[in-house]
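These notes are about the structure you will find just below.
Nothing in this text is a laboratory measurement; each read-out follows from the coordinates by a stated rule. It should be emphasised that the depicted structure is a prediction, and the values quoted were computed from it without experimental measurement. Quick reminder, even Gly has a Cβ in these numbers, built from the backbone with ideal geometry, and neighbours come from all protein chains shown.
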Amino acid sequence: MDPLKKIPTSLPDVFILEPRVFGDERGFFLESYNKKVFAELGITHQFVQDNHSRSTRNVLRGLHYQVQHAQAKLVRVIEGEILDVAVDMRRSSALFGKSEAVVLSGENKRMLWIPEGFAHGFRVVSPVAHVVYKTSDYYAPDYERTLLWSDPELEIDWKLEGEPIVSAKDQRGVKLRDAESFD
């Protein structure tokens, strides 16, 4: 049995990774990253930064991307549940502006691979969620851009339960038609 199952999404470059989980009465074990196994799946990026966020129900973070120092991200949830969203920001792509939403949770142990050229965000579904993600480049605030999470053109169903909790920065995000993008 493969240590990691690759599951396609509607965005060919974005995919779900499902690790093999070994469980018994003590708990479980899984391998969340193995350079060799990831390379066999076509992910040869060198990760340079790990991030960890804790958020409460209905917090919505994103949609973020960096126009220079673009980051590929490997996202997973260690506790709780989120709706994780990637948006294709590559103007040359036939899927420019299209999105994929995936449920990631501590229970399903799935991860989402989001390559460079995509905006990323998530909404917390559970009372609390701990989200961890690896990035292929360092955070560069001068190059960070925020796509407006509520832009109707994106057609993202955030499965909201009331008004989301959104930072001031994310409330000022720009619409897709005005957003800086990748070639």
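Does the stretch 163-180 include one or more residues that are touching a residue at least 24 places away in the same chain (Cβ under 8 Å), part of a strand (DSSP E or B) and over 28 Å from Tyr33 (Cβ atoms)? Break it down stepwise before answering.
In the first step, residues of the stretch 163-180 are kept if they are touching a residue at least 24 places away in the same chain (Cβ under 8 Å); the result is 163-167, 170, 172-177, 179-180.
Okay, now just the ones that are also part of a strand (DSSP E or B), so 165, 174.
Now restrict to residues that are over 28 Å from Tyr33 (Cβ atoms): 165, 174.
Yes, the stretch 163-180 has at least one match.
Per-residue answers, yes or no, for (1) over 17 Å from Ala86 (Cβ atoms); (2) not aliphatic (A, V, I, L, M):
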| residue | (1), (2) |
| --- | --- |
| Trp113 | no, yes |
| Gly117 | no, yes |
| Gly121 | no, yes |
| His130 | yes, yes |
| Leu148 | no, no |
| Glu153 | no, yes |
| Ile156 | no, no |
| Glu161 | yes, yes |
| Ser167 | yes, yes |
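For the stretch 26-41, indicate whether the set of residues that are in contact with a helix residue (DSSP H, G or I) (Cβ under 8 Å, 6 or more places away or on another chain) and assigned to a loop (DSSP other than H, G, I, E, B) is non-empty. Lay out the reasoning, then the answer.
Start the filter on the stretch 26-41 by keeping residues that are in contact with a helix residue (DSSP H, G or I) (Cβ under 8 Å, 6 or more places away or on another chain), which leaves 31.
Now restrict to residues that are assigned to a loop (DSSP other than H, G, I, E, B): 31.
Within the stretch 26-41, one or more residues are in contact with a helix residue (DSSP H, G or I) (Cβ under 8 Å, 6 or more places away or on another chain) and assigned to a loop (DSSP other than H, G, I, E, B).
Identify, please: which residue in the stretch 29-73 is out of contact with any Pro (no Cβ under 6 Å at 6 or more places or on another chain), in contact (Cβ under 8 Å) with a residue 12 or more places away in the chain and of a type in the set (Lys, Arg) and is, among those, nearest to Trp158 (Cα to Cα)?
Per the criteria, the residue is Arg61.
May I ask you to say which residue of Arg26, Arg76, Arg20 is in contact (Cβ under 8 Å) with a residue 24 or more places away in the chain and basic (Lys, Arg)? Break it down stepwise before answering.
Values: Arg26 fails: in contact (Cβ under 8 Å) with a residue 24 or more places away in the chain; Arg20 fails: in contact (Cβ under 8 Å) with a residue 24 or more places away in the chain.
So the residue among Arg26, Arg76, Arg20 that is in contact (Cβ under 8 Å) with a residue 24 or more places away in the chain and basic (Lys, Arg) is Arg76.
When residues of the stretch 140-162 are filtered for being assigned to a strand (DSSP E or B) and among the acidic types (Asp, Glu), how many remain? Give the derivation first.
Going through the stretch 140-162, the residues assigned to a strand (DSSP E or B) turn out to be 144-147.
Among the residues that remain, those that are also among the acidic types (Asp, Glu) are: 144.
Qualifying residue count for the region: 1.
For the stretch 9-39, name all the residues that are in contact with a Lys or Arg (Cβ under 8 Å, 6 or more places away or on another chain), acidic (Asp, Glu) and closer than 16 Å to Ile114 by Cα.
Answer for the stretch 9-39, where residues must be in contact with a Lys or Arg (Cβ under 8 Å, 6 or more places away or on another chain), acidic (Asp, Glu) and closer than 16 Å to Ile114 by Cα: just Glu18.
Considering only the stretch 46-65, how many residues are over 29 Å from Glu161 (Cα atoms) and in a strand (DSSP E or B)? Give the steps one after another, and end with the answer.
As a first pass, look at the stretch 46-65 and keep what is over 29 Å from Glu161 (Cα atoms): 46-50.
Filter again for in a strand (DSSP E or B), leaving 49-50.
Residues flagged as over 29 Å from Glu161 (Cα atoms) and in a strand (DSSP E or B) within the stretch 46-65 amount to 2.
Tell me, which residue of the stretch 1-59 that is among the acidic types (Asp, Glu) and loosely packed, with under 12 Cβ neighbours inside 10 Å is farthest from Ala70 (Cα to Cα)?
To start, the set of residues in the stretch 1-59 that are among the acidic types (Asp, Glu) comprises 2, 13, 18, 24-25, 31, 40, 50.
Now restrict to residues that are loosely packed, with under 12 Cβ neighbours inside 10 Å: 2, 24-25, 50.
Values: Asp2: 30, Asp24: 40, Glu25: 42, Asp50: 15 Å.
So, considering only residues that are among the acidic types (Asp, Glu) and loosely packed, with under 12 Cβ neighbours inside 10 Å, the one farthest from Ala70 (Cα to Cα) is Glu25.
Would you check if Val75 is hydrophobic (A, V, I, L, M, F, W, C), under 28 Å from Asn34 (Cβ atoms) and in contact with a strand residue (DSSP E or B) (Cβ under 8 Å, 6 or more places away or on another chain)?
Values: hydrophobic (A, V, I, L, M, F, W, C): yes; under 28 Å from Asn34 (Cβ atoms): yes; in contact with a strand residue (DSSP E or B) (Cβ under 8 Å, 6 or more places away or on another chain): yes.
So Val75 passes the test.
Going through Arg110, Arg91 one at a time, which residue ends up being closer than 29 Å to Glu153 by Cβ and buried (at least 17 other Cβ atoms within 10 Å of the Cβ)? Before the answer, list the steps.
Numbers: Arg91 fails: buried (at least 17 other Cβ atoms within 10 Å of the Cβ).
Of Arg110, Arg91, the one residue that is closer than 29 Å to Glu153 by Cβ and buried (at least 17 other Cβ atoms within 10 Å of the Cβ) is Arg110.
Return the total of residues in the stretch 13-45 being closer than 30 Å to Leu160 by Cβ and in contact with a strand residue (DSSP E or B) (Cβ under 6 Å, 6 or more places away or on another chain).
Matching residues across the stretch 13-45 total 6.
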